[in-house]
Amino acid sequence: MKIAINTGGGDAPGLNAAIRAATLAALHRGWEVVGIKNGYGSLYSDEPFIQLTRDTVRGITMQGGTILGTANRGNPFGMPYQKEDGSWDLEDRSDEAVDVFQSHGVDALIAIGGDGSMAIADKLTKKGIDIVGIPKTIDNDIWGCDVTLGFDTAVTTATEAIDKLTTTAESHQRIMVVEVMGRYAGWIALHSGLSASADVILIPEVEYTIDSIVEKIEEREARGRNYTIIVLAEGAVEKGGSRFVKGKTVGQAEQLGGADEYIAEILSERTGKESRSIVLGHLQRGGTPTTYDRLISLRFGAEAVRAIAEGNLNKLIVLRDNRIERIPISDVAGKMKLVPLDGDTIQTARDIGICMGD
Ligand code: F6P
């Protein structure tokens with residue numbers, strides 16, 4: 001038995017723990033394990049795989065990033081290439097990828113990734129590749145699972161950063177707008193904002209108005225609170241406005257963000273207060289995984305191997321009510337898990353007086 005492991009999309013703390021658990025669980029069964037480098041990138045090179053051994057995965061549970069490397073542009077069904085006129089386009093190279101797996105005797109693939117990776121995995125399964133998926137993304141937006149690996153660490157990092165920004169905002173009596181990642185979902189903003197006692201949390205699921213934020217700032221000023229912390233999800237949208245997009249590269253998802261400066265500036269104008277904005281950015285993707293992320297990553301990795309051993313293929317390993325389950329990858333592809341507006345977390349934010357921007 002020979003399995004391959006791939007990490008695709010943006011990196012997330014916990015990837016290495018999942019790689020280690022999957023590798024060791026497979027080696028224990030006497031299987032061979034190989035890794036794909038840079039998110040399917042090495043499939044198109046002379047050395048498509050690297051051997052994963054006890055030595056290669058030793059001591060990596062606590063390391064951020066991925067020892068395999070990853071890429072946001074590694075979709076075999078849409079690989080970017082440069083045309084003669086210098087412009088970029090996409091081509092379908094999935095048949096080549098399938099050939100590489102088959103000619104190297106790979107029996108199954110463990111695809112560790114987010115929604116994009118699961119959409120690719122779903123298409124590869126239809127071309128005859130046996131896959132088990134592991135849900136990874138700091139955004140926590142994969143449909144069908146309670147939590148994805150990397151989310152807890154990103155929220156912890158964001159919470160600590162907001163804590164630090166709160167003391168300086170209070171000292172200077174400023175408005176501080178903190179932009180966090182999350183793409184089209186507000187999980188990171190809601191969980192970190194609530195945990196760090198933010199005053200305003202803006203998430204993509206709730207359209208915001210500047211008026212409601214101003215009202216909150218004025219209410220705080222009236223109570224002698226001369227500073228305000230606003231946690232802004234990069235994908236948040238103003239009522240009647242549109243999402244802030246920084247750019248788009250061929251073959252990659254659009255790059256979100258930039259509303260932090262707009263909001264800080266307009267709030268200064270409206271309230272007469274000093275404001276500052278900060279983008280936490282890729283800090284949220286780095287660093288040592290929390291214990292929680294290490295543990296779920298190890299559980300996901302070992303369960304993926306158990307699923308392959310049982311021939312329970314084309315499944316995504318998920319955590320539901322703290323139990324590991326397997327659901328069809330095809331159920332997940334093309335869907336997104338957003339913050340439920342009637343969920344208790346958002347209700348808690350509202351109950352303790354946090355302004356959600358509406
Ligand atoms: O999906 C993870 C994520 O970090 C998003 O939160 C963010 O929008 C995006 O990736 C950033 O991607 P890149 O690394 O290409 O800038």
Item checked: Per residue accessible area of the chain, 1.4 Å probe, in Å² -> 42 Å²
Margin query: Once R0 is set to 22 Å, what does the formula 1/(1 + (r/R0)^6) return for the Cβ-Cβ distance between Glu47 and Asp107, expressed as a FRET efficiency to the nearest 0.05?
Written below: 0.65
Margin query: What do you get for GluC sites (Glu not before Pro) in region 252-358 restricted to DSSP loop and a cutoff of at most 15 other Cβ within 10 Å of the site's Cβ?
Written below: Glu254, Glu274, Glu310
Checklist line | Inter-part distance where region 1-46 and region 239-286 are each reduced to a Cα centre, Å | finding: 35 Å
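Which trypsin sites (Lys or Arg not before Pro) does region 149-225 hold that lie in a coil by DSSP with at most 10 other beta carbons within 10 Å? Walk me through the intermediate numbers first.
Details: sites: Lys164, Arg174, Arg183, Lys216, Arg220, Arg223, Arg225; in loops: Arg174, Arg183, Arg223, Arg225.
Counting only loop positions with at most 10 other Cβ atoms within 10 Å, the trypsin sites (Lys or Arg not before Pro) in region 149-225 are Arg223.
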Margin query: Can you tell me the orientation of helix 94-103 relative to the chain, as the angle in degrees between its alpha-carbon axis and the longest Cα principal axis, to the nearest 10?
Written below: 40 degrees
Item checked: Unit Cα scatterers, Debye sum, region 314-358: log10 I(q)/I(0) for q = 0.19, 0.27 Å⁻¹ -> -0.74, -0.97
Notebook entry, point to check: Rounded to the nearest 5, what is the percent of antiparallel bridges among the DSSP beta bridges in the chain?
Noted result: 30 percent
Check: Can you give the angle from 0 to 90° between the axis of helix 259-271 and the longest principal axis of the chain, with both taken from C-alpha atoms, to the nearest 10?
Finding: 10 degrees
Notebook entry, point to check: Where the centre of each part is set by its Cα atoms, how far does region 316-358 sit from region 138-163, in angstrom?
Noted result: 11 Å
Check: Hey, got the Cα dimensions of region 155-286 along the principal axes, in Å, largest first?
Finding: 50, 33, 21
Margin query: Nearest 500 deg cm²/dmol is fine: what mean residue ellipticity at 222 nm does the chain get from its DSSP H runs of n ≥ 4 alone, each adding -39,500 (n - 2.57), divided by its residue count?
Written below: -11000 deg cm²/dmol
Item checked: Surface share of carbon and sulfur [accessible, 1.4 angstrom probe, percent] for the chain -> 46 percent
Margin query: From Cα pairs below 8 angstrom and at least 6 apart in sequence, can you work out the relative contact order of region 155-286, rounded to a whole percent?
Written below: 33 percent
Notebook entry, point to check: Listed here are the pairs Lys37/Lys164; Lys127/Lys335; Lys126/Lys239; Lys83/Lys127; Lys83/Lys246; which of them are more than 30 Å apart at the Cα?
Noted result: Lys37/Lys164; Lys126/Lys239
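What does the convex hull of the alpha-carbon atoms of the chain project to on average, in nm²?
On the way: hull surface 76.5 nm².
One quarter of the hull surface, i.e. the mean projection, equals 19.1 nm².
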Check: For the modelled label position 7 Å from the Cα of Glu160 along Cα-to-Cβ, which residues of region 294-310 have backbone nitrogen atoms closer than 15 Å?
Finding: 294
Note to self: Can you give the FRET efficiency to the nearest 0.05 for Ser87 and Val214, using r as the Cβ-Cβ distance and R₀ = 41 Å?
What the structure shows: 0.35
Margin query: Let me check I have the definition right: for region 1-160, take the eigenvalues of the Cα gyration tensor, multiply each by 5, take square roots. What are those semi-axes in whole Å, largest first?
Written below: 24, 21, 14
Notebook entry, point to check: Mind checking the angle between helix 15-28 and the chain's longest principal axis? C-alpha axes, 0 to 90 degrees, to the nearest 10.
Noted result: 30 degrees
Checklist line | Alpha-carbon Rg with Dmax, taken over region 251-358, Å | finding: 20.4, 65
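The values are calculated or read from the model by the stated rules, or taken from the named source; none is laboratory data. Note that the structure is a prediction, hence the values are computed from the model and not measured. Cβ sites come from the backbone with ideal geometry, for glycine too, and all protein chains shown count toward neighbours. These area figures cover heavy atoms from the full protein model, side chains too; ligands, DNA and RNA do not enter into them. Shrake-Rupley method; radii C 1.70, N 1.55, O 1.52, S 1.80 Å.
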